[in-house]
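Structure first, commentary second.
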Amino acid sequence: MPILAFVFATTAFVTGAMAAHLPHLFEIAGASATTAIAASALVGPAQVGARLVEFGALRHVHPLVSARLSTILHPLGAAALAFFGVPAVMAFAVLHGAGNGLLTIARGTLPLAIFGPVGYGLRTGILAAPARVTQALGPLLFGLLLDRMGVGAIAVSTGLGLTAFAALLFLKPHAEPVPATA
């Protein structure tokens with residue numbers, strides 16, 4: 001439970017931060033306002049596209065695989081942005097959006113796959129609480145980081161994505177369901 005709570009909290013921070021600041025982040029990186037808005041507009045379709053891939057191609061893989069993929073896509077997009085600059089804003093937006101789309105599914109399926117159906121509602125509620133707090137704080141804190149660090153603030157969101165990915169490596173795909181505690 002603590003590992004999943006950590007993963008869901010860190011990724012919720014990134015989701016909230018990017019939802020509020022993505023166009024501005026792209027402008028700070030050097031994109032024009034038009035390019036920043038156009039790239040940011042790709043996040044939603046990328047989320048839907050990733051969910052369709054999950055429903056189709058990833059349907060038969062363990063939810064842990066999808067969760068790991070979801071946490072690594074934002075850092076991959078950030079790496080593209082760091083290496084290629086403004087020409088990679090579209091790729092960053094698509095990778096971030098796809099990761100976010102997969103994550104929304106993983107939040108529901110991963111606890112079920114690891115712990116089983118007994119106590120599912122209680123567990124998902126407990127896991128969601130820290131994520132809601134960090135998602136609410138994400139825009140404010142990331143905005144402060146943008147003011148202080150500029151485009152370098154992306155290193156923080158990238159670091160959070162990488163630590164979430166690393167934390168998921170500690171979970172086993174075929175863990176035995178754990179009985180719920182009341």
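The values are calculated or read from the model by the stated rules, or taken from the named source; none is laboratory data. Everything numeric here is computed off the predicted structure, so don't read it as measured data. Here the Cβ positions follow ideal geometry from the backbone for every residue, glycine too, while neighbour counts run over all protein chains shown.
Data for the structure
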| item | result |
| --- | --- |
| Count - residues of region 75-105 that are within 10 Å of the chain's Cα centre (by Cα) and within 18 Å of L4 (Cβ to Cβ) | 5 |
| Any hit, region 65-73, residues being among the β-branched types (V, I, T), touching a residue at least 24 places away in the same chain (Cβ under 8 Å), part of a helix (DSSP H, G or I) and buried (at least 22 other Cβ atoms within 10 Å of the Cβ) | yes |
| From A39, A19, A31, residue being outside any helix (DSSP H, G or I) and of a type in the set (A, V, I, L, M) | A31 |
| Contacts under 7 angstrom Cβ, first residue in region 162-181 being farther than 13 Å from F115 by Cβ and surrounded by fewer than 10 Cβ atoms within 10 Å (Cβ to Cβ), partner of a type in the set (A, V, I, L, M, F, W, C) and at pLDDT 90 or above, 6 or more apart | F170/I3 |
| Residue identified as surrounded by fewer than 21 Cβ atoms within 10 Å (Cβ to Cβ), under 25 Å from L144 (Cβ atoms) and touching a residue at least 60 places away in the same chain (Cβ under 8 Å) among A93, A12, A5 | A5 |
| Tally of residues being under 21 Å from T158 (Cβ atoms), free of Cβ contacts under 8 Å to residues at least 24 places away in the same chain and surrounded by fewer than 18 Cβ atoms within 10 Å (Cβ to Cβ) across region 96-146 | 2 |
| Test: residue in region 77-85 that is of a type outside the set (S, T, Y), touching a Phe, Trp or Tyr at 6+ places or on another chain (Cβ under 6 Å), under 21 Å from T134 (Cβ atoms) and touching a residue at least 24 places away in the same chain (Cβ under 8 Å) | no |
| Only listed residue being out of contact with any strand residue (DSSP E or B) (no Cβ under 6 Å at 6 or more places or on another chain), under 24 Å from G77 (Cβ atoms) and at pLDDT below 90, chosen from L162, L144, L137, L171 | L171 |
| Looking only at region 47-64, and only at residues there that are part of a helix (DSSP H, G or I) and among the hydrophobic types (A, V, I, L, M, F, W, C), the one that is surrounded by the fewest Cβ atoms within 10 Å (Cβ to Cβ) | F55 |
| Unique match (being of a type outside the set (V, I, T), touching a Ser or Thr at 6+ places or on another chain (Cβ under 8 Å) and farther than 21 Å from L58 by Cβ) among G119, G99 | G119 |
